[in-house]
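Chemist: Below you'll find the structure I mean.
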Amino acid sequence: MSSRYSSLALLLLAACGIAGCDNTLRQDMANQPRENPLAPSTFFDDGRSERPIIENTVARGSIVDDSLYEPKDSNTFPLPLTKELLERGKERYEIFCTPCHGLQGDGQGMVAMRGMKHPPSYHQERLRAEPNGYYFDVVTNGFGAMYGYASQIPPRDRWAIIAYVRALQLSRNAPVGELPAELREKLMAGGAAK
């Protein structure tokens with residue numbers, strides 16, 4: 001008889017435990033106190049759940065405090081173009097850009113060759129016509145499948161990379177008349193080294 005009472009007590013205790021496991025005791029991500037964006041709310045006097053911007057505050061990322069910042073449509077270059085800047089740009093380009101864009105900027109990098117989406121060639125007319133600010137924005141914020149590199153590449157190095165990309169573009173699209181005499185002769189001789 002005592003085993004019957006103990007079984008009944010155990011069953012009653014289990015039922016009480018199960019009854020206490022409703023949503024009021026357990027709170028997970030699917031059941032949490034929150035407001036849907038732009039939903040009405042009785043909590044605030046104006047009846048809105050979304051709050052207006054507090055006076056004298058600026059949203060993160062809204063102020064451009066970078067002295068090397070150029071707008072997306074700007075074609076100016078904020079640094080002096082020097083041999084050292086181009087060498088730094090080449091070094092940074094080879095580290096960060098060649099896996100996808102390739103050594104020549106033709107979109108034939110190792111990542112692309114192994115099945116990922118090919119980035120466009122820097123040598124196509126559309127990208128040669130883009131202003132420098134466009135390149136700075138793409139390197140900073142990313143574009144398409146490319147992630148932004150703002151946290152990995154400081155602004156000065158981003159501009160060095162852009163200078164190097166412009167040099168790559170010029171290397172494939174320079175008019176023959178603008179080449180130095182010795183390069184023109186080498187080109188006319190079929191590119192053979194002398």
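The values are calculated or read from the model by the stated rules, or taken from the named source; none is laboratory data. Everything numeric in this text was worked out from a predicted model, so none of it was measured. Backbone-built Cβ (ideal geometry, glycine too); neighbour counts: all protein chains shown.
Chemist: Mind checking whether some residue in segment 149-157 is touching a helix residue (DSSP H, G or I) at 6+ places or on another chain (Cβ under 8 Å), under 19 Å from L81 (Cα atoms), at pLDDT below 95 and among the β-branched types (V, I, T)?
Modeler: For segment 149-157, residues touching a helix residue (DSSP H, G or I) at 6+ places or on another chain (Cβ under 8 Å), under 19 Å from L81 (Cα atoms), at pLDDT below 95 and among the β-branched types (V, I, T): present.
Chemist: Can you tell me which of (1) modelled with pLDDT under 80; (2) of a type in the set (V, I, T); (3) surrounded by 10 or more Cβ atoms within 10 Å (Cβ to Cβ) is the one T82 doesn't meet?
Modeler: Looking at each condition in turn, T82 falls short on (1).
Chemist: Let me ask something else about it. Looking only at segment 94-138, filter to residues that are charged (D, E, K, R) and within 17 Å of the chain's Cα centre (by Cα); which one of those is farthest from D157 (Cα to Cα)?
Modeler: Only one residue fits best here, namely K117.
Chemist: Hey, S151 hits all of (1) within 18 Å of T98 (Cβ to Cβ); (2) exposed (fewer than 15 other Cβ atoms within 10 Å of the Cβ); (3) of a type in the set (S, T, Y) but one; which does it fall short on?
Modeler: Going through (1) within 18 Å of T98 (Cβ to Cβ); (2) exposed (fewer than 15 other Cβ atoms within 10 Å of the Cβ); (3) of a type in the set (S, T, Y) one by one, S151 breaks only (1).
Chemist: Taking segment 107-142 as the region of interest, how many residues are closer than 22 Å to N75 by Cα and surrounded by 13 or more Cβ atoms within 10 Å (Cβ to Cβ)?
Modeler: Number satisfying all stated conditions: 19.
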